[in-house]
Structures are given as C-alpha cells and as structure tokens.
Amino acid sequence: MTNRASSTHDLASSIDPKLRVVFVGHVDHGKSTLIGRILNDTNSLPEGKLEQVQRACAAENMEFEFAFLLDALLEEQEQNITIDTTQIPFKTVKRNYMIIDAPGHKEFLKNMITGAANADAAVLVIAANEGVQEQSKRHAYLLSLLGVQQFCVVVNKMDLTDYSEARFREIEDKYRQFLKTLNLEPRVFIPASARFGENIISPSKKMMWHKGPTVADALDDMAPLAPPVELPLRFCVQDVYKFDERRIIAGRIETGMLRVGDELVFSPANKTSIVQSIESWQPRSDNASGRANNETAIAGDSIGITLREQIFVERGYVGSHSKNAPIETNRFHADLFWIARQPARLSYLYTARLATQEVRCQIVSLDEVMDSSSLERSATKAEQLERNEVGRMTLQTRAPIVLDNHDRVPPLGRFVLVDDGMICGGGIIHGGVYTDRAAVKSKNIFWSEGKINAQARAAQHGHRGAVIWLTGLSGSGKSTIAQALERELFVRAMHPYILDGDNIRHGLNSNLGFSPDDRVENIRRVSEVAKLMSDAGNVVITAFISPYRADRQRARAIAMEGNAEFIEVFVDAPLAVCEERDPKNLYKKARAGEIREFTGIDAPYEAPVDPEIVVQTHQQSVEESVATILERLLPRLK
C-alpha cells in the first residue's frame, strides 16, 4: 500500500514547475515595454504576432513599441494604455514562466488577493529618469502585504540618463532604504533599457560597470513556491449540478489533496459525508507519480465530486478534512489596502468576496491606519480609511464566513471588499482562532433538514435569530442585564429567551462540576442549545462566566453552523467591584477556601480581546448598559 505522505510528495513534485512572475511599476516607467521585449527576445511570441502589431502601427502612423505586443486590440493601442490584466507564458533555456501583468493597484489586488494569479516572484520596475515614485512604494508595500518575498528591481530607461552608474546607484540606495522598512530584501537591482534590449536577455555593452545578472538570469535564479498540495485541503464549491440521479458538487481545489473515500466536512454547515467519486471534465490517465485516473485530485484541479450520503451543499461552502478544517466566524481581523476614491467607512455595508463566498459585512473597528507610501502610522483609532491607506481592522459579517489565516492557507486568507460591483480594497486575514472539529460521531446519525428555513422564520417573527453571549466575572451584572435586555426585546414584540448559567446547571448540566474539563463541556452544551433555539428564530441571551477565550470562540463557531448572528457582550467590572457586590457570597466562600477553582480567585478569567459590545457596569447603570447593547444589536437583527 502506498504511503500517504510519500504519495503527497510525489504528486507535489509532478506539478508544472513554471514560475509565476508579477510585473509591477509606476505608470509610464516602461513595464509593458519590458514584458514585450522579454517575449520577443526569448522567441515566446505567437507566430506572426510581431508582424501583426508592426502592421497595425504602420496603419495608424504610429512608431512601433514593444509595449504594443501586450495589447490585444487596436482600440487599446489608440488609447496608448494597457487596460486589462494579462497572463502570458514565456520560456528561457532553464524553465517555463507565466507573466502576470497588472496595470495598477486595482488589477494587482484583483489578481493577487483573489488568488487568480498567486505569484511566486515579482519584478518591480522603476524608470531611471523619474526615480522612486509613490506608486513604486505602494507596489512594494502590496508585495509585503501579500507575502511575496522573492523579487528583483529593474531600473529601466537607463538610456534616458546616458547609462549613468551614479544615477543607478542613487535610485538603488534610496529604494533599498525604503524596502528595509518593510523587511523586504530584493534579490538584485538591474540597470536596463527595455527599449534597446540592454541587460534584458544579454549583458549590456553600454553598462559594462554592471557585474550582476540580466533580467532573464535573475528570474532563472528564483525558485517556485512550495506546492500547495502540501497545505490542508480546501475544496471551494462553485455550484451543484444534477445529472440523472447524481448530484455533482463542482469546484476547485485551492490547496491540498482529495481522494475517493475521504470524509469531508463542509463549512459553514459543518456537515460531513464521504467522497463517492471524483468527476473531472477531462479524464486523466495514470502517470508515474501514482495519481490514478479520477481517484485523486490535487491543488489547482477543477473537479466535481459525488457524496455517499446526500447533504445540503451550495456555492460558497468549503470542503476540508476535519483535522485541518478552516475557521468559521462572523468576525475577523485583517490588514486592508484601500484603493477606492471614496474612503472606507465604519458600519457601512460592503460585500466581502473570499474564494467563492460573497458575504455582506461592516468594518466595526479601525485600529491603525498607515500611509502605504510614507509608512506613517496613526496613533489613535480612525473613523475612515482613505485611498492608498492600509488599515488594521476588525470586520463583522452578516452571515458565517469560512476563512484561514493568510500565513497558514493563503488562498483562504485573502479577500476583497466590493461596493456596488466595484473592488474597493483587498487584504489579508490574521489572528483567527482554529477550533478542533475532529470529534468522533456515529456514522449512522444524519442531520434532518426542516422545510422551514431561517429566512421564512425571520419574515414571520420580524427579526433574525441570534445568540447574545454575555460574559464576565461573577457579580459583574450579567444576569441582571440579561433579564432587562429580555424585557426590552419582549416589549418590542420580539422572541427573546435567557439561558442562565445557574438555571442550566439545575437540569441539562446538573452532572457537571467546575473543573476545567467540565467548564468546557458546560459551555459546549449551552452553545448547542443556543444554536437550536436561534435556528428556531429566537434571540437567545446567554449569561455565563465562560472564562476561556477558546470556549467562547467555539460557541461562536457552533452558532455559525446554524447561520445565527453571534454577538459577544463583555460585561466588564473590576474584580474588586464584583467581590464587593458578591450577591451570592461566592467570593467570600472562595476566599475562605470553601470553593475551589473559583474564577477570579484561584481560576483565571480570560477577558475578550475583541467583543462586539462592551458595557462597564461599575460606570453604567443597568438602563445605560441595556441601551448600549440595543444600539448595536437591533440593526443586526433586521
């Protein structure tokens, strides 16, 4: 029997080794001319392409330029600009390449962040006559933001500076200093003239002072990224088709490897089934790597699968193995590069696109703002993000979203924000907490889908189901606020219900103590009950100390399975205040040693890092605390 790990390694080594290179540079710095020259001088142009463009230029009484080789239409040549992102193959003696040409910030983000063209390396182009511009700095920042560490800098148009070594060194020194602030280290700086072919493929005779490589040599020295086959499986569902009696789930494997017989968990539904078959649009034959036809699929494959047990799956779902599942959440942290003319605003509804998912979302916190060219950072929280600024922020979605931290699984750690069909910015995700979904379940238990969905219940009730999770120390006021909040929602003709910690321990969890393991199980059971009640359309208010962040994150993930709104409310009060209140004399007993492992005394409380709502009951009255919660809560229940 073939060892799974060695089989994965063999499959990874069999992937096409072409190097994907993104070319970026300030407008008019000669980036397109450089690409055109490379294509021409490596004999990588389609047959007759050069002559076709030369004839088109002659017909328009235009001087031929190598940049025109990238332009597919005469209209683009008349506009004298490049208007679309292009991916073009070329090859040297050493290897095959794929050039990714991105005209500006928008196209660069669209391709790099959405994963349509995840680059192995980059070429940054700077014109010798103009030097380092703001856009040169922004492109470098984008490379840093997206984790592209392998790149070279081409100082183009050296012919316009008389091939001056002094000018080249001036630009190199200035740009190196800037790149150091981003922790970027270029492979090499290359003086070049794309127009005259100097230092592109062959060493320049006009710049004998340059002892380093040509552009082609520098690219040949770069290495492809580690194959995505070795990352956790992420199968992004694009659509579901019905053929005869079969339901074929179509999508693309972004990372990892999938085999017939694998058990998949689909997020955000968190439902499992076993792969019955793999359907490929173009049948594959056996090969030396041991990859059997239609038995295995790997990163980069667009396939269809059938499942042994039929479960509900739709576009946007992500299939994975349970031991390395992605994060399900409605709240995440990100660094976002903003490119729209209108600033990004707090609480404004945008659409987040991540893989095949589209989810409405809001920026709820903008913790830091940085200018991408000067790298100046704001000292305080901001209210909006201007064009060409980068924001470290927290976003909240109106429905569950499936994602990864960018440093773990890049394709599901990148996203763009869209407003009215236009891409406004893109960024990477960080700081997400993974939860274990590998618990063993009976193979004979199946989820029963009801005939009434969440939308129908919301239409009848006049509001969405939700889980309002109040957390805080004993004596902070959780139960008091929960009761007041329930009353306020009830008089608004809504459907609230409180799950109180003490009440739950009287029945459902009466067999649990207060050991760390029992605390974890207590919160897990409550989370499952809250999910079911919110799925029925209720606004479930929980009042639990729930001292561990991981448990509250797990509660959020469980609620997400039921498509419920999850809102964490930190009922904040200093320990001294809570101990002074001590409504049940619990602190007194804990100090006397009558209660062991009491939160705040001899057991820890991990305060929320980023709750949706904070009320401070040592400064706010009950009425003020409830008003604060309602102000943030009611818009989310519409």
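The values are calculated or read from the model by the stated rules, or taken from the named source; none is laboratory data. Since the model is a prediction, treat every value here as computed from it, not as a measurement. Virtual Cβ from ideal backbone geometry, glycine too; neighbours counted across all protein chains shown.
Points to keep in mind about this one:
- Residue pairs meeting the criteria (Cβ under 6 Å; at least 6 apart or on separate chains; first farther than 25 Å from residue 414 by Cα, in the range 145-159; second of a type in the set (A, V, I, L, M, F, W, C) and assigned to a loop (DSSP other than H, G, I, E, B)): 154/192; 155/128; 156/192; 156/194; 157/128; 158/128; 159/196
- Candidate set: the range 178-218, residues that are of a type in the set (Lys, Arg) and farther than 27 Å from residue 141 by Cβ; chosen: the one surrounded by the most Cβ atoms within 10 Å (Cβ to Cβ): 195
- Per the listing 124, 160, 184, the residue uniquely assigned by TED's automatic domain parsing to the domain that holds residue 38, part of a helix (DSSP H, G or I) and among the aliphatic types (A, V, I, L, M) is 160.
- In the range 612-633, the residues that are surrounded by 18 or more Cβ atoms within 10 Å (Cβ to Cβ) and touching a residue at least 60 places away in the same chain (Cβ under 8 Å): 612, 615, 617, 625, 626, 629, 633
- The residues listed here are 505, 464, 524, 487; of these, the one that is assigned to a helix (DSSP H, G or I) and either in contact (Cβ under 8 Å) with a residue 24 or more places away in the chain or of a type in the set (A, V, I, L, M, F, W, C) (or both) is 524.
- Count of residues meeting criterion [over 25 Å from residue 367 (Cβ atoms) and among the aromatic types (Phe, Trp, Tyr)] in the range 598-638: 1
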